[in-house]
Amino acid sequence: SNMKQEANDIFNLSCSSWEEIEEELKSALNTNARFGQRRSIVRIGENCGFMSVCCLFRPDWIECTEEEKYLLPSKLVYKFSYSGGLEAVAHQLLGCNLNEEVIYEALRKSNNCEGLFYSLLSPSTANWLHVPAPLCYKEIAEDGDVGHLMMEHIQGTSFDCPDHCTIAEVEQIISSIARLQSLSSKDKLDQQKEFKWNPWKTIGTCVLTKAVARKVVAEIPGFYGSEFEPLIRKMLFSLDEFYDADAPMRELKEISPVLVHGDLWQSNLMWDIGSDSTRQLKTILDWQSTHVGSPAEDLVFLLICLLSGEDRRYHWRSLLSFLYQSIEREMAPAKPSFTLDDLLGSYIRLFPVLGFITLMRFSVIFKCSLPCLNDEDRIKFSERMSRKLFLLAEDVVSSFESIRKREKIHLPRHHIHVVSI
């Protein structure tokens, strides 16, 4: 009865039903099989997401052929658009209200872009990119629609924000990014107008208006320590420059665009953990922020989120070189439409703005996580995040100050990110 009630709750939120999903899957899988009485659907994923809810769905296929018994998926992921998580953060943690028109546009774009991305992939291409194989999706076409998609379920392990990747693990992700970018020719991108949007502005400003951003930034010293105060004062003094959600789109005037994931961080990566505790990339999840962007954009978020501040400072240039070499290898004998210097310059220009957005994002995540942590975990979380974010804040402030002064700064491998190229 509890499972039945949960299914009813899910379908009330998704405006769907067992019958609708069954017909959609039968069409997508080209089968006459039906769902059995032991069918089930339950929520999965931490906090059910800010812009969607993910569910584990077991069809319990019946009336299928002998061949279909081995081919039809025994479980899959059902994901539908839902702004409840975002609204909860806005009301409970940030004390702000959401504009309904703005939130609807954010839901529509994120749902339709993710669905479109999956619809363009064959199973073999999805596997090559470390992406779950798509089955079907429903777009949001008009007011009141709830979009959804169904895809392969992949078992794996994610890790928490305070945990860091090794350089070898980051290179695994970069290899998948390079494969995605190697498919992003201008002709292909021009055919998919839906990808030409700015998720940082459409989604981010649903909640993080400049007034809210000022509040979030001002609270950082209270969470992470008084050593942040001089840096935070500088950020608040120049908030309009720091919080520039249009910067990623302006960057497309400087470098040839590619298709980017747009939200590469710990929760959107699944790993296989070996017996020796080594991690092998299993899949990249959550393509709701997929858009046309700079080839450096995913690297900015990836390096900030997955590396310690020290590793990011020391290895950023070599990892961007690794990305460029990987793109060259995937595209051979063709050549990328941008140079390595173009890629480095784009990273440097994007780093302070996207770094500032990430700083705010991690602060909000910390506030969300606090009620769930015991005292020991809270101290561990705070200590590791404090060091990581302090170095990030230092580099963001230094970057903006140098850009403002228009200084040409040498880029030592062990220090800050700013240079004029």
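A few remarks follow.
- In the range 176-312, the portion of solvent-accessible area held by carbon and sulfur atoms comes to 51 percent [1.4 Å probe, whole percent, DNA, RNA and ligands not counted].
- For the range 273-361, alpha-carbon Rg and Dmax in angstrom: 14.7, 42
- Cα-centred dipole magnitude for the range 162-305, charges only on beta-carbon of K, R (+1) and D, E (-1), debye, nearest 20: 420
- Crossing angle, helix 210-224 versus the chain [Cα axis fit, 0-90 degrees, rounded to tens]: 80
- For the range 26-70 versus the range 142-188, the gap between their alpha-carbon centres in whole angstrom: 22
- Nearest 10 degrees, 0 to 90: helix 2-14 Cα axis against the chain principal axis: 60
- Axis angle, to the nearest 10 degrees, between helix 100-119 and the longest C-alpha principal axis of the chain: 70 degrees.
- Given Lys138/Lys210; Lys210/Lys388; Lys26/Lys201; Lys109/Lys405; Lys79/Lys234; Lys282/Lys380, the pairs whose alpha carbons are separated by over 29 Å: Lys138/Lys210; Lys26/Lys201; Lys109/Lys405; Lys79/Lys234
- Partners of Lys335 within straight-line reach, counting lysines whose Cα lies under 18 Å from its Cα and excluding those fewer than 8 residues away in the same chain: Lys186, Lys188.
- Taking all protein chains into account, the per residue accessible area for the chain stands at 46 Å² (1.4 Å probe).
- Between Arg34 and Arg404, the C-beta separation translates, for a Förster distance of 60 Å, into a calculated FRET efficiency of about 0.40.
- Sorted from greatest to least, the principal axis extents spanned by the alpha carbons of the range 196-343 come out as 50, 45, 29 Å.
- Distance in nm between pseudo-label sites at Lys4 and Tyr70 (7 Å out along the Cβ direction from Cα): 3.6
- Built from the Cα atoms of the chain, the convex hull projects on average onto 22.1 nm², one quarter of its surface area.
- Protein-only accessible surface at a 1.4 angstrom probe places the residues Tyr104, Tyr118 in the order Tyr104, Tyr118, largest first.
The values are calculated or read from the model by the stated rules, or taken from the named source; none is laboratory data. The shown structure was predicted, so the numbers you read here are calculated from the model rather than taken from an experiment. When we count neighbours, we look across all protein chains shown, and the Cβ atoms used for this are built from the backbone with ideal geometry, even at glycine. For the accessible areas, the whole protein counts, side chains as well, though only heavy atoms, and no ligand, DNA or RNA atoms are used. Shrake-Rupley method; radii C 1.70, N 1.55, O 1.52, S 1.80 Å.
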